[in-house]
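See structure below.
Just so it is clear, none of the values below were taken in a lab; they were calculated from the coordinates. All of these numbers come straight from a predicted model, not from anything done at the bench. A quick note on method: Cβ atoms are made from the backbone with ideal geometry, for glycine too, and the neighbour counts reach across all protein chains shown.
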Amino acid sequence: MVAVRTYPVGMSSAIPLNVGIARSAGVGNALADGGKRVLLAEPRGYCAGVDRAVETVEKALDKHGAPIYVRKEIVHNRHVVETLRDRGVIFVDETDQVPEGAVVVFSAHGVSPAVHASAAARSLHTIDATCPLVTKVHQEAKRFARDDYDILLIGHEGHEEVEGTAGEAPEHVQLVDGPGAVDNVNVRDESKVIWLSQTTLSVDETMETVQRLRERFPALQDPPSDDICYATQNRQVAVKAMAPECDLVIVVGSRNSSNSVRLVEVALGAGAKAAYLVDFAREVDPAWLDGVRTIGITSGASVPEILVRGVLDMLAEHGYGEVQPVTTANETLVFSLPRELRDARR
Ligand code: SF4
């Protein structure tokens with residue numbers, strides 16, 4: 001059974017993030033009838049990799065003082081980036097925009113060896129906030145390139161994570177951007193082909209891509225372990241559990257956040273009548289609420305909970321004061337900070 005509890009939104013600050021473990025989907029029978037209601041997906045929001053990356057920048061600011069530099073957005077969330085910018089972080093696209101010798105943090109999405117080399121050439125003091133689960137995919141790419149495999153990297157063209165992973169073995173990696181790209185793949189030896197993936201993809205679409213790849217290359221090998229990370233999978237499972245009940249799903253997250261955009265797609269695919277992505281409560285269009293009884297709320301892995309609270313408060317003002325958690329997993333994973341900041345962990 002999915003865990004379901006009811007409480008008034010005015011008590012929202014007391015909502016525990018994880019209220020139980022339930023693996024099966026389906027919320028209908030346990031829910032109260034009548035009136036407007038909100039289903040609140042659990043888990044949602046910050047994952048262990050984002051928490052570590054944001055804390056890395058905060059601790060680097062404490063230790064080294066402003067300004068410090070961050071290559072790319074530390075995580076893909078407008079609120080997080082704007083808040084850190086206010087504290088003295090300068091976000092740059094490339095390391096050649098960082099003054100020689102300055103402190104630069106690499107984002108949670110990871111960087112290629114070429115970026116490390118370029119930073120070293122400018123004597124930058126680098127702090128690597130790459131999520132350990134992204135690093136794991138880098139290690140896989142290096143290992144299978146060493147064994148001379150063709151590596152089919154399923155992911156979105158232009159995404160920073162994909163650029164970093166592909167950069168580990170550019171001679172061996174081909175990007176496969178969804179099922180429609182499978183026909184364009186060519187390999188040298190069909191007996192030595194493996195697929196890897198970006199960590200934040202739709203599980204279902206990725207499996208479709210893999211199936212089509214396997215039709216072309218029957219000996220295709222699977223990754224040693226799941227590349228789509230636990231947080232991406234858990235958030236998709238939670239949204240699938242509540243979506244069939246929902247007239248509307250609101251996903252809190254930024255447009256450049258891959259896992260947030262996937263949650264909108266998963267909600268629609270699982271039966272939500274409508275689904276929208278918003279960065280802030282002020283972006284919720286009251287017209288979306290016309291005739292709507294049940295609203296599902298979730299948030300991407302880079303979204304601080306304060307932004308979800310803002311949406312809940314806005315919805316309460318429109319009569320959606322009853323909030324019912326829909327819990328499909330309990331997350332307890334925590335990653336340690338980069339070594340040089342470890343003694344500074346709060
Ligand atoms: S979404 Fe997954 S891979 Fe990305 S930072 Fe979070 S835990 Fe790491």
Quiz item: Which whole-number percentage describes the relative contact order of the chain, with Cα contacts under 8 Å and a sequence gap of 6 or more?
Solution: 28 percent
Quiz prompt | Choice from VAL334, VAL251, VAL115 with maximal GNM fluctuation in the chain (Cα, 10 Å cutoff) | solution = VAL334
Quiz item: How big is the equivalent ellipsoid of region 124-183 along its three axes, where each semi-axis is √(5λ) from the Cα gyration tensor, reported in whole Å from largest to smallest?
Solution: 21, 15, 9
Exercise. Compare ALA287, ALA145, ALA129 in a GNM of the chain, Cα atoms joined below 10 Å, and give the one with the largest fluctuation.
Key: ALA287
Quiz item: How large is ³J(HN,Hα) for each residue in region 235-245, as worked out from phi by the Karplus curve 6.51 cos²θ - 1.76 cosθ + 1.60 (θ = phi - 60°), to whole Hz, x for Gly and Pro?
Solution: 5, 5, 4, 5, 6, 5, 5, 9, 4, x, 8
Practice problem: Could you work out how far apart the two model spin labels at ASN186 and GLU340 are, taking each label as a point 7 Å from the Cα in the direction of the beta carbon, and quote it in nm? | Solution: 4.5 nm
Quiz item: Could you give the alpha-carbon Rg of the chain over 2.2 N^0.38 Å, rounded to two decimals?
Solution: 1.04
Practice problem: Express as a percent, rounded to the nearest 5, the fraction of DSSP beta bridges in the chain (both residues included) that run antiparallel. | Solution: 5 percent
Quiz prompt | Local net charge near HIS138, Cβ-Cβ under 12 Å (Lys/Arg +1, Asp/Glu -1) | solution = -3
Quiz item: With labels modelled as points extended 7 Å from the Cα through the Cβ direction, what inter-label distance (nm, one decimal) is found for LYS142 paired with THR83?
Solution: 3.3 nm
Quiz item: Could the peptides 67-73, 193-199, 313-319, 154-160 be put in order, highest first, of the mean number of other beta-carbon atoms found within 10 Å of their residues?
Solution: 193-199, 67-73, 154-160, 313-319
Practice problem: Under a 10 Å cutoff between Cα atoms, tell me which one of VAL75, VAL98, VAL303 has the largest fluctuation in the Gaussian network model of the chain. | Solution: VAL98
Self-check item: Qualifying lysines (Cα of each under 18 Å from Cα of LYS273; at least 8 residues distant if same chain)
Solution: LYS36, LYS240
Practice problem: Average the reciprocal distances over every distinct pair of alpha-carbons in region 208-346, invert the result, and give the Kirkwood radius in Å. | Solution: 17.0 Å
Practice problem: Determine the relative contact order of region 69-222: mean sequence separation of Cα pairs under 8 Å and six or more apart, normalised by residue count, in whole percent. | Solution: 19 percent
